Amino acid sequence: MRHIFLSIGHNKGKRLPWTTPDQGAVGHGTNEFLMGKLIVDGLISQYKGEYQLVKVPEGLNLAQRVAFINKNAVDGDICIEFHMDSAGTTASGCSTWYYTGSDYAMNKARAFQMEYTRVSG
């Protein structure tokens, strides 16, 4: 069975030895990590599909999240990392990134972008 790894950007405000707590962009009474957590938890509770959803453990820094995914992934798996970024109240849209040189990754990213745009408006 293939997996979709769902990684919440940042590390829920956990203080790391080399930096300040990393909760991501902050505004409107919330922060980027908490918004990503709501989306990931909602996806996991509602998803019914051919892939197995795997939530990357919370509180990890970026290198630890990548190591977790690499340790548990098999060829053909997908990883989605959720970021909200900082923007004004009129901002809209989303970005989808993938490794260049992989038609598989490019096609999956395009399909994700199209569906996300359709669902979110």
- Backbone HN-Hα couplings from phi across the stretch 92-101 [Karplus 6.51/-1.76/1.60, Hz, Gly and Pro as x]: 8, x, 8, 10, 10, 10, 8, 6, 6, x
- Histogram of C-alpha separations across the stretch 73-121, 5 Å bin width, %: 4, 16, 25, 24, 15, 9, 4, 2
- If ligands, DNA and RNA are left out, what is the accessible area of R110 with a 1.4 Å probe, given in Å² to the nearest 10? 140
- Enclosed volume per residue, in Å³, of the convex hull spanned by Cα atoms of the stretch 48-104: 163
- Query: Can you put M114, M35 in order of accessible area, largest first, using a 1.4 Å probe?
  - Reply: M114, M35
- Message: If you wrap a convex hull around the alpha carbons of the chain, what volume per residue comes out, as a whole number of Å³?
- Response: 131
- Which helices count as membrane-span-like in the chain under these terms: full DSSP H, at least 24 Å along the axis by C-alpha, Kyte-Doolittle mean of -1.0 or more? 103-120
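The values are calculated or read from the model by the stated rules, or taken from the named source; none is laboratory data. None of these values were measured; they are calculated from a predicted model. Note: areas computed on protein heavy atoms with side chains; ligands, DNA, RNA excluded. Shrake-Rupley method; radii C 1.70, N 1.55, O 1.52, S 1.80 Å.
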